[in-house]
Amino acid sequence: MTSTQASHPSVKADAYTGDFTHRLAQVADTVETFLVDLLGPTLQPGEIDRPPRLMEAMRHAVLGGGKRLRPFLAIETARMLGGAEDAALAAGAGVELVHCYSLVHDDLPAMDDDDLRRGKPTVHKAYDEATAILVGDALQTLAFEVTADPRWQPDPAIRAELVLGLARASGLGGMVGGQLLDLSAEGRFGPADMDIDDTLRMQAMKTGAILAFSVEAGALVGGANADERAALLRYGKALGQAFQVADDILDREASPEAMGKATGKDKDAGKATLVDRLGLDGARAECDRLVAVCEEAVAPWGARAQVLKDAARFTVARKA
């Protein structure tokens, strides 16, 4: 993107003081600025037009909301390893665009049928179903365009690994396949009886795969070796699982106002969750166990890993 290419924001932060929420907000602002530029009106090479209605609806879906946890993980992992922060920003933005596309499609009447997302009308409510479908399609393809663009990641081998990893995390063996299993658990395609292992597999695909790849993207940009990548993958997988368990707890306990969307729908729809399988106390204990796994995985980096340790704690302690 011309303006982004010329002068996109730096993601360099002040020395870490332990104020995690400040750090998260700081990175979120940087990501927001990058996404605003990405979704601007300027035609890019190879584009014929940017239909105004489509662009407006894409901005509605992406901008002005969310903690930007996925790009945060990519950026902070690369930062810990001494990697190029601009490349990590672009890689993280690609993951965020996939995440936003998934939310737009999840909210559709044929899927979870939600009216609110991040405290505002979902795209199909603000516009219409056809526009919402096309918004999701456009965000997904834009995600891969950003990830594959040599202007942000000059090394072709790293670009190829990023594109491959994002495709696998978001596709049939990851997020999309997990969504199908989630719908199956509701009994949409016949009787369903998911045990704990089935539920864990579904959640690892639907939610965990993209979160784990966010960490892996930072590892790739940061030049991690095989052992480092394996440790960071353990961290990412545990974090993804913890995030989903915490989300299930919030769906039972948080208010719609705090969450910015309807709550209690998972139980009403008969969705498979670890809260159902383990109870609330058991689910909280599982969150604590997963945080310990995260902290052990990044222990070799010592004080440099403090942000990632705090991210794991934040994931299970968040209220929205």
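The values are calculated or read from the model by the stated rules, or taken from the named source; none is laboratory data. These numbers were taken from a predicted model, which means no experiment stands behind them. All Cβ positions, glycine included, derive from the backbone under ideal geometry; neighbour counts span all protein chains shown. Keep in mind that these areas ignore ligands, DNA and RNA; they rest on the heavy atoms of the full protein, side chains included. Shrake-Rupley method; radii C 1.70, N 1.55, O 1.52, S 1.80 Å.
One table, with the values for the structure above:
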{"quantity": "Qualifying residue in segment 48-68 (condition: of a type in the set (A, V, I, L, M, F, W, C), at pLDDT below 95 and open to solvent by 60 Å² or more (accessible area, probe 1.4 Å))", "calculated": "no"}
{"quantity": "Scan of segment 118-129 for residues that are closer than 13 Å to ALA57 by Cβ and touching a residue at least 24 places away in the same chain (Cβ under 8 Å), ordered by number", "calculated": "LYS120, VAL123, ALA126, TYR127"}
{"quantity": "Of all residues making up segment 281-312, the number that are in contact with a helix residue (DSSP H, G or I) (Cβ under 6 Å, 6 or more places away or on another chain) and open to solvent by 30 Å² or more (accessible area, probe 1.4 Å)", "calculated": "5"}
{"quantity": "Tabulated pairs, segment 36-61, first assigned to a helix (DSSP H, G or I), second of a type in the set (D, E, K, R) and open to solvent by less than 70 Å² (accessible area, probe 1.4 Å), C-beta under 9 angstrom, 6+ apart or interchain", "calculated": "HIS60/LYS120; ALA61/ARG117"}
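Condition check ((1) within 21 Å of THR147 (Cα to Cα); (2) within 15 Å of the chain's Cα centre (by Cα); (3) open to solvent by less than 10 Å² (accessible area, probe 1.4 Å); (4) aromatic (Phe, Trp, Tyr)) across all residues:
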{"residue": "ASP193", "(1), (2), (3), (4)": "no, no, no, no"}
{"residue": "THR199", "(1), (2), (3), (4)": "no, no, yes, no"}
{"residue": "THR207", "(1), (2), (3), (4)": "yes, yes, no, no"}
{"residue": "SER214", "(1), (2), (3), (4)": "yes, yes, yes, no"}
{"residue": "GLY222", "(1), (2), (3), (4)": "yes, no, no, no"}
{"residue": "ASP227", "(1), (2), (3), (4)": "no, no, no, no"}
{"residue": "ALA230", "(1), (2), (3), (4)": "no, no, no, no"}
{"residue": "GLN244", "(1), (2), (3), (4)": "no, yes, no, no"}
{"residue": "ASP247", "(1), (2), (3), (4)": "no, yes, no, no"}
